[in-house]
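Only one structure is covered here, and it is reproduced in the block below.
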Amino acid sequence: MPATLAEILTTIDRLWPFEGAESWDASGLVSGDPAAPVRRVRFAVDAVAATVDEAVEAGADLLVTHHPLLLRGVTSIAEDRYKGALLARLIRADCALISAHTNADVVEHGTSAVLARALDLEGIAPIVPAANPDLGLGRVGRLAEPTTLGRLARRLAEILPPTATGVRVSGAYDDPVEAIAVCGGAGDSLLTHPAVRSADVYITADLRHHPASEAREQAMLGAGPALIDVSHWASEWLWLATGAEELRIAHPGLEIEVSDVRTDPWDFQVVQ
């Protein structure tokens with residue numbers, strides 16, 4: 001039994017409320033007729049040529065991406081520019097586009113929470129709680145049994161889909177870890193948060209040189225966590241299956257699939 005695009009958008013707003021998105025975000029309906037019927041849905045982290053082609057070729061009526069295609073303002077969607085070309089391809093194929101970005105980060109089963117559960121953390125709570133203490137950015141928790149930084153990094157490499165950049169670590173391989181902070185996607189803005197500073201290790205993506213260097217120096221003084229830097233795409237890809245299942249439960253008549261196309265922008269790495 002198909003649902004209308006408007007009905008699915010209402011469900012998405014209930015599951016991952018758009019009001020919970022950051023002020024700079026651009027989550028929501030990007031293109032598509034709200035009255036159009038939807039039977040097939042595809043989930044992906046990014047709206048790029050590979051995932052758009054995959055959705056269109058699969059006959060999807062809707063592509064749900066985590067990252068917004070139009071996050072930063074554009075003045076043209078001409079088809080000699082990739083965003084215009086992607087939108088034109090979707091529109092001609094009657095495939096709508098919805099993004100669920102930071103609104104899907106902060107919910108109880110959002111991107112960071114999924115990563116924390118994949119690591120079997122206990123006592124999971126947001127790093128930055130919202131008015132509802134179950135909601136907010138990032139997650140902190142503890143392992144039932146302490147491990148080492150090296151073993152934790154290897155476990156992450158098994159949990160996350162492979163990428164060219166892999167898993168990078170700042171800290172000694174045999175350092176003990178138990179208290180863990182995680183933030184799916186770019187998380188260096190939380191490096192100085194007390195909940196992160198008090199953790200044994202902070203797992204996130206897109207760590208820049210200066211914030212990472214400062215955090216490392218602080219950790220060497222015994223006042224900060226070890227760091228694990230993973231692929232932005234990989235850290236958020238884990239959430240897609242959870243998001244798809246939540247939508248499937250709400251609309252059991254839909255055919256919903258998760259893309260496993262790697263949209264991490266890096267293709268290979270040369271190790272010196």
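The values are calculated or read from the model by the stated rules, or taken from the named source; none is laboratory data. Since the structure is predicted, the reported quantities are computational estimates derived from the model, not experimental observations. Because the Cβ atoms are built from the backbone with ideal geometry, glycine has one as well, and the counts that use them run over all protein chains shown.
Things worth noting here:
- Selection count where residues are over 17 Å from GLU236 (Cβ atoms) and surrounded by 18 or more Cβ atoms within 10 Å (Cβ to Cβ), scope the stretch 194-211: 5
- When ILE98, ILE77 are screened for being assigned to a loop (DSSP other than H, G, I, E, B), over 30 Å from THR147 (Cβ atoms) and not assigned by TED's automatic domain parsing to the domain that holds ILE228, only ILE77 passes.
- Within the stretch 19-30, at least one residue is in a helix (DSSP H, G or I) and within 21 Å of the chain's Cα centre (by Cα).
- Sole residue being touching a residue at least 60 places away in the same chain (Cβ under 8 Å) and charged (D, E, K, R), chosen from ASP174, ASP105, ASP120: ASP105
- Test: VAL140 is aliphatic (A, V, I, L, M), within 29 Å of LEU15 (Cα to Cα) and under 15 Å from the mean Cα position of the chain (by Cα): no
- Filtered by the rule that a residue be among the small types (Gly, Ala, Ser) and either under 16 Å from LEU87 (Cβ atoms) or not in a loop (DSSP other than H, G, I, E, B) (or both), the stretch 31-61 gives SER31, GLY32, ALA36, ALA44, ALA47, ALA49, ALA50, ALA55, ALA60.
- For the stretch 65-80, filtering for residues that are farther than 15 Å from ALA21 by Cβ and either among the small types (Gly, Ala, Ser) or in contact (Cβ under 8 Å) with a residue 60 or more places away in the chain (or both) leaves 3.
- Filtered residue count, the stretch 97-110, keeping only those that are within 13 Å of PHE43 (Cβ to Cβ) and out of contact with any His (no Cβ under 9 Å at 6 or more places or on another chain): 2
- The stretch 89-136, residues that are of a type in the set (Asp, Glu) and either more than 16 Å from GLY243 (Cα to Cα) or loosely packed, with under 15 Cβ neighbours inside 10 Å (or both): ASP94, GLU108, ASP120, GLU122, ASP134
- All positions within the stretch 169-188 that are surrounded by fewer than 17 Cβ atoms within 10 Å (Cβ to Cβ) and among the hydroxyl-bearing types (Ser, Thr, Tyr): TYR173
- Residue identified as among the small types (Gly, Ala, Ser), in contact with a Pro (Cβ under 7 Å, 6 or more places away or on another chain) and either at negative phi or not assigned by TED's automatic domain parsing to the domain that holds THR111 (or both) among GLY243, GLY253: GLY253
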